[in-house]
Amino acid sequence: GTVSADADCLFCKIAGGQIPADVVRESEHTLAFRDISPQAPTHVLVIPREHHRDVASLAAAAPGTLAELVREAAAVAAGEGIEAYRLVFNTGSEAGQSVFHVHGHVLGGRAMTWPPG
Ligand code: 5GP
Ligand code: ZN
């Protein structure tokens with residue numbers, strides 16, 4: 001596929017409106033929607049509208065969009081009324097990445113343990 005959209009990518013389809021999602025925020029270059037299988041009371045995914053496979057690729061190709069994504073994650077937490085949250089970018093299948101369109105998990109609303117499993 002191309003950089004901007006991948007025909008076989010689930011999150012490109014969500015960004016393009018071809019698959020529905022529970023959208024909580026939108027910005028020029030990002031979209032935030034609730035995870036279909038929430039692991040915390042707040043579990044929102046923030047994605048760039050453009051297709052990039054992981055956070056390092058996004059940082060290299062579009063650092064301004066990554067900064068926008070991080071600001072949007074903070075705005076999601078504020079909108080949910082939570083002051084502490086975790087922002088996670090799983091990178092690579094062994095680390096738990098299953099969708100290869102970069103997404104930040106915004107997790108909060110309960111106590112978090114460290115280290116993660
Ligand atoms: P990863 O494992 O790649 O870090 O995270 C992928 C996330 O996407 C998972 O938490 C999973 O529950 C979520 N997910 C997978 N398919 C869908 C979907 O169709 N809609 C939404 N909203 N979330 C999804
Ligand atoms: Zn994609």
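Read-outs throughout are calculated quantities, based only on the coordinates presented, and are distinct from any laboratory measurement. All of these numbers come straight from a predicted model, not from anything done at the bench. Virtual Cβ from ideal backbone geometry, glycine too; neighbours counted across all protein chains shown.
For the pair Ser98 and Ala75, label points projected 7 Å from Cα toward Cβ lie 2.9 nm apart. Of the residues Asp35, Asp54, Asp22, the one that moves most in a GNM of the chain with alpha-carbon contacts below 10 Å is Asp22.
Quick check: net charge around Thr91, other residues with Cβ under 10 Å of its Cβ, Lys/Arg +1 and Asp/Glu -1?
-1
Over the Cα atoms of the range 10-108, the radius of gyration divided by the Kirkwood radius equals 0.92; this is the Rg/Rh ratio. Under 5 Å between amide hydrogens, built in the peptide plane, is the criterion, and for Leu31 it picks out Ile47, Arg49 among residues at least 5 positions away or on other chains. Among Thr113, Thr30, a tally of other beta-carbon atoms within 10 Å of each Cβ gives an order, fewest to most, of Thr113, Thr30.
For the peptides 6-17, 87-98, 41-52, residues were scored by their other Cβ atoms within 10 Å and the scores averaged per peptide; the highest-first order is 41-52, 6-17, 87-98. Sparse packing (at most 14 other Cβ atoms within 10 Å of the Cβ) combined with a DSSP loop state is found for the following trypsin sites (Lys or Arg not before Pro) in the range 54-117: Arg110. Under a model in which nothing but the beta-carbon of Lys, Arg (+1) and Asp, Glu (-1) is charged, the range 39-103 shows a dipole of about 60 debye around its Cα centre. Please identify which residues in the range 15-55 have an amide N closer than 18 Å to a label point set 7 Å out from the Cα of Ala111, following the Cα→Cβ vector. Those under the cut-off are 40-42.
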